[in-house]
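Have a look at the structure below, then the notes.
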Amino acid sequence: MIERTAFYIGGAWVSPKDATRVEVIDPSTEEPFAVISLGGQADTDAAVAAARAAQPGWAATSKAERMDLLTRILQLYKARAEDLAKAMSREMGAPIDLARTAQVGAGAWHIKGFLHALEMFEFDRPLGSHAPDDRILMDPVGVVAMITPWNWPMNQITLKVIPALATGCTMVLKPSEIAPLSAMVFAEILHEAGVPPGVFNLVNGDGPGVGTQLSGHPDIDMVSFTGSTRAGIAISKTAADTLKRVHLELGGKGANLVFADADDKAVKRGVLHCFQNTGQSCNAPTRMLVERSVYDAAVETARAVAEKMEVGPSDKEGRHIGPVVSAAQFDKVQALIQTGIDEGARLIAGGPGRPEGFNRGYFVRPTVFADVKNDMTIAREEIFGPVLSIIPFDTEDEAVAIANDTEYGLTNYVQSADGARRNRLARRLRSGIVEMNGASRAAGSPFGGVKRSGNGREGGIWGLEEFCEVKAVSGWHAEEPCQHHGHGACDCC
Ligand code: NAD
């Protein structure tokens, strides 16, 4: 049994003051394999105090120093890739190959992306040529609480910690109590990279405990949260009394609009994307909307893809999908599959119960429903399991109406050879992201949603701005131009 009961506060691993011990469960076996602590108020207070004390010093560092630090973090992150992959695979059930590639890769990709964005980022900018005595300063927001989920641990942690470091913020991270071990490896990486004491702190805990204590803490300036819409609402309410800034990346119910002129691989690609990470992605395209003339063929393709999809434990190599993360998640997904059947959707692959050959582990059958109506529960609720709903449509207008008829607005997808139609749809779909014809978004592209999917953007320049306060200055004294960049708005020399 792995013992990781300490917290990282003020640059050292310290014993909890006020903690409860809990076990971390391997979702492939349902067996505990590690013990951590859930902190209490005294631990939260100690971490916040350390971050507060370190804030002025860290804010005073130059961009060049912070870039050097991020470069060291990236090197060490790559060196510890296997440790990160093993931790994530065990704690949240990602098959080891997926953990090594997509899960670990997402973090490295974000660190590189932020290094690039930071290089171009101007913390000190002119207002405009009409106002030479005005200046805009991008100040760090201060002390940030970060609350993260279990589904893409390094993706979400790097999307918060790296831009906070880059902009001169200090922070307290509370990773998911279900998947806390990779976050502790990440803390070791930051320590080894030389992040100064107090700049980054980690306290484990649950939502009602450390999560709520951080959200309401008077000495926290901002909460950056990724997780369920339910918790996002609770955090916003708790944060309201202290009027801290609240950044939310929440759930999704993405539509994937497949037109008759879509490429041959579009349906297969959509099913595989929906099932990736065992369907546990906020941006999963879980509603496949298919033009009527190609609907029957699409349903048949989706059935074949789902039936071929292998399910297996997280320590097995290969391209299978793993279990869902927990007993609670397993029960929720099973109940929703049953609800789909009860409400009259046509089950064409998978269904209730474990896949053949499994009598334990939180394994779910890759499941596809056809003839889904958009008012059915499976089309409205985020299932967070390998479950796809297929819905027919007749016209482009109808497809847009169905796609936008959801509480969520994170990612939508379009598959069509008609470029003018794609651009039209990109404008009409109500979501923070629209991905078309399987093209992935480039580094620096912002990630985030509208409506109940949240209110912020992570990644690139936008991800840095989230951690800044805009300060407007008048009566600015023109400074000597920077030797390297030719203007006065630079802290490099
Ligand atoms: P969750 O909301 O239950 O937990 C997420 C984190 O919030 C955990 O660290 C948890 O301890 C904490 N938490 C829970 N209740 C809290 C409260 N009342 N106050 C403070 N903290 C609280 O979500 P989860 O089950 O871990 O993750 C799955 C959810 O995350 C899905 O809904 C998914 O769509 C969403 N998600 C969103 C994005 C995005 O960027 N939009 C990315 C990944 C996951």
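The values are calculated or read from the model by the stated rules, or taken from the named source; none is laboratory data. Keep in mind that what you see is a predicted model, and the values were worked out from it rather than measured. Methodologically, a virtual Cβ is constructed for each residue, glycine included, from the backbone with ideal geometry; neighbour enumeration extends over all protein chains shown.
With respect to the conditions (1) of a type in the set (Phe, Trp, Tyr); (2) part of a loop (DSSP other than H, G, I, E, B); (3) away from the ligand (no atom under 14 Å from the Cβ), TYR413 falls short on a single one, namely (2).
Among the residues of region 116-123, not a single one is free of Cβ contacts under 8 Å to residues at least 40 places away in the same chain and not aliphatic (A, V, I, L, M).
If a residue must be part of a loop (DSSP other than H, G, I, E, B), aliphatic (A, V, I, L, M) and within 16 Å of the ligand (Cβ to nearest atom), how many such residues does region 129-161 contain?
0
Of all the residues in region 284-320, those that are part of a loop (DSSP other than H, G, I, E, B) and in contact with a Cys (Cβ under 9 Å, 6 or more places away or on another chain) number 3. Restricted to region 40-70, and to residues there that are of a type outside the set (A, V, I, L, M, F, W, C) and under 17 Å from CYS468 (Cβ atoms), the residue that is nearest to the chain's Cα centre (by Cα) is ARG66. Of the residues making up region 228-259, those that are touching a helix residue (DSSP H, G or I) at 6+ places or on another chain (Cβ under 6 Å) and either surrounded by fewer than 16 Cβ atoms within 10 Å (Cβ to Cβ) or not aliphatic (A, V, I, L, M) (or both) number 5. Only one of the listed residues (ILE391, ILE383) is modelled with pLDDT of 95 or more, outside any loop (DSSP other than H, G, I, E, B) and either within 19 Å of GLN329 (Cβ to Cβ) or in the same structural domain as ASP264 (by TED's automatic domain parsing) (or both). That residue is ILE391.
When region 113-128 is filtered for residues that are buried (at least 16 other Cβ atoms within 10 Å of the Cβ) and part of a helix (DSSP H, G or I), the ones remaining, listed by number, are GLY113, PHE114, LEU115, ALA117, LEU118.
Any idea which residue in region 239-278 is nearest to the ligand (Cβ to nearest atom), counting only those that are of a type in the set (Asp, Glu) and assigned to a loop (DSSP other than H, G, I, E, B)?
Applying the filter and picking the extreme gives ASP241.
Looking for something of a type in the set (Val, Ile, Thr), crowded, with 22+ Cβ neighbours inside 10 Å, more than 29 Å from LYS316 (Cβ to Cβ) and without any contact (Cβ under 8 Å) to a residue 60 or more places away in the chain - is there at least one such residue anywhere in region 129-146? No; the residues of region 129-146 include none that is of a type in the set (Val, Ile, Thr), crowded, with 22+ Cβ neighbours inside 10 Å, more than 29 Å from LYS316 (Cβ to Cβ) and without any contact (Cβ under 8 Å) to a residue 60 or more places away in the chain. Scanning region 15-38 for residues that are touching a strand residue (DSSP E or B) at 6+ places or on another chain (Cβ under 6 Å) and over 30 Å from ILE96 (Cβ atoms) returns PRO16, ALA19, THR20. What residue, among those in region 320-335 that are aliphatic (A, V, I, L, M) and surrounded by 20 or more Cβ atoms within 10 Å (Cβ to Cβ), is farthest from the ligand (Cβ to nearest atom)? That would be ILE321. Within region 27-45, does at least one residue satisfy the condition of being farther than 17 Å from VAL210 by Cα and crowded, with 22+ Cβ neighbours inside 10 Å? Within region 27-45, one or more residues are farther than 17 Å from VAL210 by Cα and crowded, with 22+ Cβ neighbours inside 10 Å.
With respect to GLY227, determine if the residue is in contact with a strand residue (DSSP E or B) (Cβ under 8 Å, 6 or more places away or on another chain), at pLDDT 95 or above and within 28 Å of THR20 (Cβ to Cβ). So GLY227 passes the test. Just so you know, in region 182-210 the residues that are surrounded by fewer than 24 Cβ atoms within 10 Å (Cβ to Cβ), of a type in the set (Gly, Ala, Ser) and within 11 Å of the ligand (Cβ to nearest atom) include one that is farthest from the chain's Cα centre (by Cα), and it is GLY209.
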